[in-house]
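Structure first, commentary second.
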Amino acid sequence: MTNENEKNQTSPYAGRWVARVRGRVIAQGGTPEQARRASQFSRNKEKPEIIFMALPFAFPPLLDRIKSVLPPEQEIYLVGGAVRDVLTSRLSPDLDFALPSNGISLARKIANALKADFVALDNERDTGRVVVTNEDGSRIFLDFATYRGATLEADLRARDFTINAIAYNLQDSTLIDPMDGVRDIRAKVIRACSPSAFADDPIRIMRAVRQAAAFEFTIDKQTREWMKQAASGVGGVSVERQRDEIFKILGGPKASLSIRALDMLGVLTHLMPELLKMKGVEQSAPHVYDVWSHTLSVMDYLDQIISGLRIGYDAEKTNDMFTGLLGLRLGRYREQFANYLSVSLNVDRPHRSLLFFAALYHDVCKPDTKIVEDSGRIRFFEHDIKGAGVAAERARAFNLSNDEAERLHTVIEHHMRIHNFASRLEAEGQTPSRKAIYRFFRDAGAAGIDLILLALADLRGTRATELTIDTWTVYLDIARTLLENYWEKPEEIISPPRLLDGKELMKELNLLPGRLVGQLLEAIRENQAAGKIETRDQALAFAREEMMKVEGENENDQS
């Protein structure tokens, strides 16, 4: 016989408070009081039974550890995104708790019990943070805050969206849902809790766009209007909060659609206005889009390419022949790609987000460098070099780390190099030389992998449906050649072992410290990569020959 809990889970009232009279549901609501008030309209003379119709919760194990150290009868609720994620079968990395008082002191107690780090996050609002560091270095943030209002319900009503205004009672495992957030989760709708939600905190506009993409929800029409009205306020939000939201958007699904939505809502002009210059800027063939549409298309294809190279992806089952060929030609490196993308330059911002940021900015200076030749062809000389500077400037404005800013600069500055390799191979049958491969990775370093992924996406975003298999194959050949050398034989070409250092070179050639020493060492390594130098003696002989050439040139200049 089916038990009561199983009936509740399959009931249309699951996750709701219901009023029952003689076993029959007569009313429902998001809180016990809502269910009781609703019952008065139909059975005002009878006293109903108010019960919670359970859902099949699957909370993270960490929650049980927290429950085990709570003081007896402690009133405390899990609130916000963590509850929403459980109801949408997701796992949240952050857990927010609301309680009537003593948020900081309870957080300190939990931190001590879990042997975790503690931070008094906000003394005014009595909010404490516990930081749990996992074995892999990832972190989970547990925030304990007192109610922002006189009651829990007032706290929930002051939140951003109804889907985030749900509380889970740790004591009796029930939900408090005064804004019908469970209903909106089922309907896949993002709805603001109040007309002032975005004026109160404009960053919520970006959060709504991000969550709509992440959950595949739509944004309620009235909510969209409130977002547009508050868009100008985004510029007044701290740059750290702006940065964190944009990087979450870029690291999530449908990043290009989210960027397009921010533009339509009027947010980009207050967030990254330099991007808007790309809109409507025409390009010559083989480009099929203007610069802005091309940029968004590149982001789409970058997502598709990363997906096509993930571990477990079956290239034979895809309906896209370009993705299928990508997997067949580069699929041997799935594990290396996964490891590469898992390493971020900042613990709080994933590698993927930074790569998509580079894709968003890779052509940002095309409008500033556009010229139209007599033939009518449109050119963008040095848009890569100038764009690298603009992207680095935005990185600094967003307070990214120096490593992140340098990576962005490197990727955008060199994003045309693989296109140049491919052009020579396609037009002249000339594959990259060993020396060219060495120079590419010398200049790009680990960012060379980013450049390969971006170049493939750039090609697809340039030609779209007009791309031929022949051209795609050329690019895959270039990518495979570069990856083979980088991952399979790095000591031969990418980073040949040093045969002598600067001190030895100065001693053997009787040189003084200076730029010439560095130039000679670099020339030796280039020729090692080219296979022309293999021993220390050969390196010294080469250096002496180069010295004689320099001395000869100096004598000619003086005569």
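The values are calculated or read from the model by the stated rules, or taken from the named source; none is laboratory data. Predicted, not measured: the structure shown is a model, and the values here were computed from it. Because the Cβ atoms are built from the backbone with ideal geometry, glycine has one as well, and the counts that use them run over all protein chains shown.
Quick one: is Asp368 more than 14 Å from Ala447 (Cβ to Cβ), touching a His at 6+ places or on another chain (Cβ under 8 Å) and surrounded by 23 or more Cβ atoms within 10 Å (Cβ to Cβ)?
Values: more than 14 Å from Ala447 (Cβ to Cβ): yes; touching a His at 6+ places or on another chain (Cβ under 8 Å): yes; surrounded by 23 or more Cβ atoms within 10 Å (Cβ to Cβ): no.
So Asp368 fails the test.
Restricting attention to helices (runs of 4 or more DSSP H) lying wholly within segment 227-280, give those where 1 or more residues are free of Cβ contacts under 8 Å to residues at least 40 places away in the same chain and in contact with a Gly (Cβ under 9 Å, 6 or more places away or on another chain). I'd like the intermediate steps shown before the answer.
Working: elements: 239-251, 255-264, 268-271.
Filter on segment 227-280 gives 268-271.
With respect to the conditions (1) touching a residue at least 24 places away in the same chain (Cβ under 8 Å); (2) farther than 26 Å from Arg241 by Cα; (3) in a helix (DSSP H, G or I); (4) under 22 Å from the mean Cα position of the chain (by Cα), Ala388 falls short on a single one, namely (2). Of the residues screened, Ile469 is not one that is surrounded by 14 or more Cβ atoms within 10 Å (Cβ to Cβ), modelled with pLDDT of 95 or more and not charged (D, E, K, R).
Selection of segment 38-66 for residues being at pLDDT below 90 and among the charged types (D, E, K, R) yields Arg43, Lys45, Glu46, Lys47, Asp64, Arg65. When the helices (runs of 4 or more DSSP H) confined to segment 416-516 are screened for residues that are closer than 30 Å to Lys549 by Cβ and assigned by TED's automatic domain parsing to the domain that holds Phe542, those reaching at least 1 such residues are found at 502-509.
Just a yes or no: is a residue in segment 166-189 more than 30 Å from Val69 (Cβ to Cβ), free of Cβ contacts under 8 Å to residues at least 40 places away in the same chain, among the hydrophobic types (A, V, I, L, M, F, W, C) and outside any helix (DSSP H, G or I)? Yes, because at least one residue in segment 166-189 is more than 30 Å from Val69 (Cβ to Cβ), free of Cβ contacts under 8 Å to residues at least 40 places away in the same chain, among the hydrophobic types (A, V, I, L, M, F, W, C) and outside any helix (DSSP H, G or I). For segment 349-361, state whether one or more residues are in contact with a helix residue (DSSP H, G or I) (Cβ under 6 Å, 6 or more places away or on another chain) and farther than 30 Å from Glu488 by Cα. Yes: segment 349-361 contains one or more residues that are in contact with a helix residue (DSSP H, G or I) (Cβ under 6 Å, 6 or more places away or on another chain) and farther than 30 Å from Glu488 by Cα.
If I filter segment 48-70 down to residues being under 20 Å from Tyr13 (Cα atoms) and assigned to a loop (DSSP other than H, G, I, E, B), which single residue comes out as farthest from the chain's Cα centre (by Cα)?
Let us first name the residues in segment 48-70 that are under 20 Å from Tyr13 (Cα atoms), namely 48-58.
Of the ones still in play, those that are also assigned to a loop (DSSP other than H, G, I, E, B) are 48, 53-58.
Details: Pro48: 50, Met53: 37, Ala54: 35, Leu55: 32, Pro56: 31, Phe57: 28, Ala58: 26 Å.
Within segment 48-70, the match that is farthest from the chain's Cα centre (by Cα) is Pro48.
The requirement of being buried (at least 22 other Cβ atoms within 10 Å of the Cβ) and of a type in the set (Ser, Thr, Tyr) is not satisfied by Thr151. Annotation note: Cβ proximity below 7 Å between a residue of segment 133-146 that is assigned to a loop (DSSP other than H, G, I, E, B) and at pLDDT below 85 and a residue that is surrounded by 17 or more Cβ atoms within 10 Å (Cβ to Cβ) and not β-branched (Val, Ile, Thr) (sequence gap 6+ or interchain) occurs for no pair.
Scanning segment 281-292 for residues being hydrophobic (A, V, I, L, M, F, W, C) and either assigned to a helix (DSSP H, G or I) or in contact with a strand residue (DSSP E or B) (Cβ under 9 Å, 6 or more places away or on another chain) (or both) gives a total of 3.
Residues are listed down the side, and each one gets a yes or a no for (1) closer than 15 Å to Thr146 by Cβ; (2) part of a helix (DSSP H, G or I):
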residue: Pro72; (1), (2): no, no
residue: Ala82; (1), (2): no, yes
residue: Val86; (1), (2): no, yes
residue: Ala98; (1), (2): yes, no
residue: Ala120; (1), (2): yes, no
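Any chance segment 93-102 includes a residue that's loosely packed, with under 13 Cβ neighbours inside 10 Å, modelled with pLDDT of 90 or more and farther than 23 Å from Gly137 by Cβ? Yes: one or more hits.
For (1) modelled with pLDDT of 95 or more; (2) in the same structural domain as Glu135 (by TED's automatic domain parsing); (3) surrounded by fewer than 18 Cβ atoms within 10 Å (Cβ to Cβ); (4) more than 23 Å from Leu400 (Cα to Cα), each residue gets a yes or a no:
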{"residue": "Met264", "(1), (2), (3), (4)": "yes, no, yes, yes"}
{"residue": "Val267", "(1), (2), (3), (4)": "yes, no, no, no"}
{"residue": "Asp290", "(1), (2), (3), (4)": "yes, no, yes, yes"}
{"residue": "Ile311", "(1), (2), (3), (4)": "no, no, yes, yes"}
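Checking Glu413, Glu393, Glu426, Glu406 one by one, the residue that is in contact (Cβ under 8 Å) with a residue 24 or more places away in the chain and surrounded by fewer than 20 Cβ atoms within 10 Å (Cβ to Cβ) is Glu426 and no other.
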